[in-house]
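As structure tokens, the structure follows; a few thoughts come after it.
The values are calculated or read from the model by the stated rules, or taken from the named source; none is laboratory data. It should be emphasised that the depicted structure is a prediction, and the values quoted were computed from it without experimental measurement. Virtual Cβ from ideal backbone geometry, glycine too; neighbours counted across all protein chains shown. Each accessible area value is taken on the protein alone, full model and side chains, heavy atoms only, with ligands, DNA and RNA left out. Shrake-Rupley method; radii C 1.70, N 1.55, O 1.52, S 1.80 Å.
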Amino acid sequence: MKRIEVRLSLEVVAPLLDVVKEVSDALQGKLAAPLDIGEVDADMREFWRDELVAAQNGDIAKLLALFDKEFFSNGVIVFDADNAEPVMRACSAVRLRMREENLKGIEDETLETGNVEIDQLTEQVRRYFMCYLFLATLQELIIQHLDTLGDEEDGEGI
Amino acid sequence: MATNPHTSPVAHPETEIELHGLWRVVVLNDPVNLMSYVVMVFRKVFGFDDETARKHMMEVHEQGRSVVWTGLREKAEAYMFTLHQWHLNAIIEPDEASHGS
């Protein structure tokens with residue numbers, strides 16, 4: 001199967017994984033963002049929600065699985081046709097959850113433009129924000145290589 | 001009045017639209033999802049070309065919402081579900097013209 005290998009800085013990324021895990025655990029059984037499906041009856045709404053939560057759980061499992069023994073030995077994570085889309089969705093879910101719970105002190109407009117004064121953040125919020133940026137970087141990486149995932153092997157380091 | 005015994009019960013889409021009206025799938029802005037991610041999702045879910053996907057993404061970004069699809073309710077709900085799986089903020093709403101308001 002075609003794959004993209006990305007070498008990450010263990011020193012930079014490893015501490016962020018605790019945040020990813022913490023937020024992922026907090027998401028178990030919950031949707032990343034409030035569900036607005038309009039005029040749908042209660043049974044259908046519950047079914048819909050359960051399906052979304054199950055899909056979200058599966059996606060998050062793929063994200064966490066990126067950081068396996070290989071990553072902790074050489075800093076390499078691997079994207080392929082099997083995990084690329086679930087990982088992108090999981091990154092989105094975790095980022096949405098962070099915005100709802102951990103970064104709510106940051107104005108939406110500031111979050112959207114990315115013009116955050118990192119030095120002004122508390123150490124705790126800074127951890128979440130760095131993780132938020134890291135997950136966005138993963139998404140960008142996959143999007144850039146999405147078309148080639150079906151074509152040829154590739155490698156990149158960040 | 002006699003009915004034609006050879007008439008088969010075929011579906012008439014125009015009758016279905018008259019009965020149920022058309023529904024719009026609308027994507028709303030959120031401050032979290034990346035522009036490139038939204039474009040990618042639009043291309044993947046609706047099969048848009050890059051230009052169309054970017055046009056809708058910019059509408060979401062600048063106007064707060066974009067109508068990305070219009071059609072029968074069942075399919076609109078299916079699209080909304082798929083967009084929710086991608087964590088986009090999507091709703092469906094009746095297309096006023098087709099509902100004869």
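Which residues, taken from region B:57-72, are outside any strand (DSSP E or B) and either at the interface with chain A (Cβ under 10 Å from one of its Cβ atoms) or buried (at least 20 other Cβ atoms within 10 Å of the Cβ) (or both)?
Step one: list which residues in region B:57-72 are outside any strand (DSSP E or B), which gives B:57-64, B:72.
Matches in region B:57-72: B:Met57, B:Val60, B:His61.
Residue-by-condition table, conditions (1) more than 26 Å from A:His145 (Cα to Cα); (2) among the hydrophobic types (A, V, I, L, M, F, W, C):
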residue	(1), (2)
A:Leu16	no, yes
A:Val20	no, yes
A:Ala33	yes, yes
A:Asp36	yes, no
A:Leu52	yes, yes
A:Ala55	no, yes
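Of the residues screened, A:Lys69 is not one that is within 14 Å of chain B (Cβ to nearest Cβ) and either open to solvent by 70 Å² or more (accessible area, probe 1.4 Å) or at pLDDT 95 or above (or both). What number goes with the only condition from (1) open to solvent by 20 Å² or more (accessible area, probe 1.4 Å); (2) without any contact (Cβ under 8 Å) to a residue 12 or more places away in the chain that B:Pro31 does not pass? The single condition B:Pro31 does not satisfy is (1).
When the criteria are applied in full, A:Arg126 fails the requirement of being outside any strand (DSSP E or B), surrounded by 13 or more Cβ atoms within 10 Å (Cβ to Cβ) and in contact with a Leu (Cβ under 7 Å, 6 or more places away or on another chain).
Give the residue, chosen from A:Leu111, A:Leu103, that is in contact with a Leu (Cβ under 8 Å, 6 or more places away or on another chain) and not in a helix (DSSP H, G or I). First the steps, then the outcome.
Numbers: A:Leu111 fails: not in a helix (DSSP H, G or I).
Being in contact with a Leu (Cβ under 8 Å, 6 or more places away or on another chain) and not in a helix (DSSP H, G or I) holds for just one of A:Leu111, A:Leu103, which is A:Leu103.
Residues in region A:88-122 that are more than 12 Å from the chain's Cα centre (by Cα), within 11 Å of chain B (Cβ to nearest Cβ) and touching a residue at least 40 places away in the same chain (Cβ under 8 Å): A:Glu100 only.
Here's a check for you: in region A:47-63, which residue that is surrounded by 15 or more Cβ atoms within 10 Å (Cβ to Cβ) and more than 9 Å from chain B (Cβ to nearest Cβ) is nearest to A:Asp36 (Cα to Cα)?
Among those residues, the one meeting the criterion is A:Arg49.
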